[in-house]
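These notes are about the structure you will find just below.
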Amino acid sequence: MMTMDHLDIICSKSRLQILHELSRRDMYVSEIIDRVGMDGKNCKHHLNVLERAGIIVSRQEGRRRYYSLVKGIRLIISPEPKRRYELQFIDKKGDK
């Protein structure tokens, strides 16, 4: 069960930076820390939030924990007359 709403999950500059990096390739924690410029405790917190939301997954390879992006994020905001605000997490097959 997810306790945060979708917008709360992605409305963090740090989480957006992590997602941006993981959109390029799978990375282990130390790489992510170096790329986004945060300490390990904060990075791990943000990774846990994203993993609990099902946007990323992790796997252990030896002593390293790798993270992979498994869902896309679609934000639709449109003006009148067909005002629309929608945030979707989309898996690789395009399903919501």
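Every number in this text was worked out from the coordinates using simple rules, so none of it is lab data. Only a predicted model underlies this, so the values are computations on that prediction, with no experimental measurement involved. For neighbour counting, all protein chains shown are included, and Cβ atoms are generated from backbone atoms with ideal geometry for every residue, glycine included.
Brief remarks on what is shown
- For region 8-62, the tally of residues that are farther than 20 Å from GLY72 by Cα, among the small types (Gly, Ala, Ser) and in contact with an Asp or Glu (Cβ under 9 Å, 6 or more places away or on another chain) stands at 0.
- Some residue of region 9-31 being surrounded by 11 or more Cβ atoms within 10 Å (Cβ to Cβ) and in contact (Cβ under 8 Å) with a residue 60 or more places away in the chain: yes
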